[in-house]
Amino acid sequence: MKTLIMAHKVIWTVFFICLILLLFPVGCAPTKESSLGFRIPEGSVEMGKQAFVNLDCIRCHSIAGVTDIDVPVIDRDINIVLGGETTRVKTYGQLVTSVIYPSHIIRPQYRADFVDRDGNSEMPDFTEEMTVKQMIDLVTFLETTYEVKPPPSAYDMAYGEM
Ligand code: HEC
């Protein structure tokens, strides 16, 4: 009998804790910085390529596998390759951020060479000259240049089936 009462107590305690956790999801509540609800419309890949040339992104970037842009052959000081294989989906949220707020996300491999003393990216600020349409088209274009490949599984690594 005693154990039955104990069991009841435990069940009720667990139930109440769950209820409280459900009613006050403080930890999961979106903050002001949350990207919840962030959407951009589908742009044009062709116009995106055009913007990539017109805004001079080609001065510092080439794109893996894209050979059909009418890119003038230029001497680049730096060449950061965009696109190509990645193991994680590049979300358009990340791409928009990379374009309009480059100092916010800087991949570790670029930190040593392309960041000034204050920790800012060497990538210029385009927010004055870039139209919103150009940004949408650029992101639509860039999204198509990444190919998501799952990382090799433990099995693949062990048996060489890459
Ligand atoms: C003067 C050189 C320069 C120009 C011009 C430039 N960038 Fe960059 N860009 C960089 C550098 C340096 C980085 C790496 C550091 C960083 O992420 O901020 C970078 C990073 C990026 C990344 C993130 C790459 C990654 O793998 O994380 C994207 C996307 C990008 N640039 C897009 C553009 C677009 C689009 C334009 C044109 C509107 C442009 N960049 C113009 C220098 C430049």
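The values are calculated or read from the model by the stated rules, or taken from the named source; none is laboratory data. Being a predicted model, the structure only gives us computed values, none of them experimental. Cβ: placed from backbone, ideal geometry, glycine included. Neighbour counts: every protein chain shown.
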Using the structure shown, decide if Val66 is at pLDDT 70 or above, outside any helix (DSSP H, G or I) and buried (at least 16 other Cβ atoms within 10 Å of the Cβ). yes
Please go through segment 76-89 and pick out each residue that is near the ligand (Cβ under 8 Å from one of its atoms) and surrounded by 12 or more Cβ atoms within 10 Å (Cβ to Cβ). Ile78, Ile80, Leu82
Gln94 fails exactly one of the following numbered conditions: (1) surrounded by 13 or more Cβ atoms within 10 Å (Cβ to Cβ); (2) in a loop (DSSP other than H, G, I, E, B). What is the number of that condition? (2)
Restricting to segment 92-123, give me the number of residues that are at pLDDT 90 or above and among the small types (Gly, Ala, Ser). 4
From Glu85, Glu33, which residue is out of contact with any helix residue (DSSP H, G or I) (no Cβ under 9 Å at 6 or more places or on another chain) and modelled with pLDDT of 90 or more? Glu85
Given segment 105-162, what helices (runs of 4 or more DSSP H) lie entirely inside it while holding 2 or more residues that are in contact with a Pro (Cβ under 6 Å, 6 or more places away or on another chain), exposed (fewer than 11 other Cβ atoms within 10 Å of the Cβ) and of a type in the set (S, T, N, Q)? none
Looking at (1) over 30 Å from Glu129 (Cα atoms); (2) of a type in the set (Ser, Thr, Tyr); (3) at pLDDT 90 or above, which is the only condition Thr3 fails? (3)
Of all residues in segment 102-153, how many are more than 10 Å from the ligand (Cβ to nearest atom), farther than 16 Å from Thr86 by Cα and of a type in the set (Gly, Ala, Ser)? 2
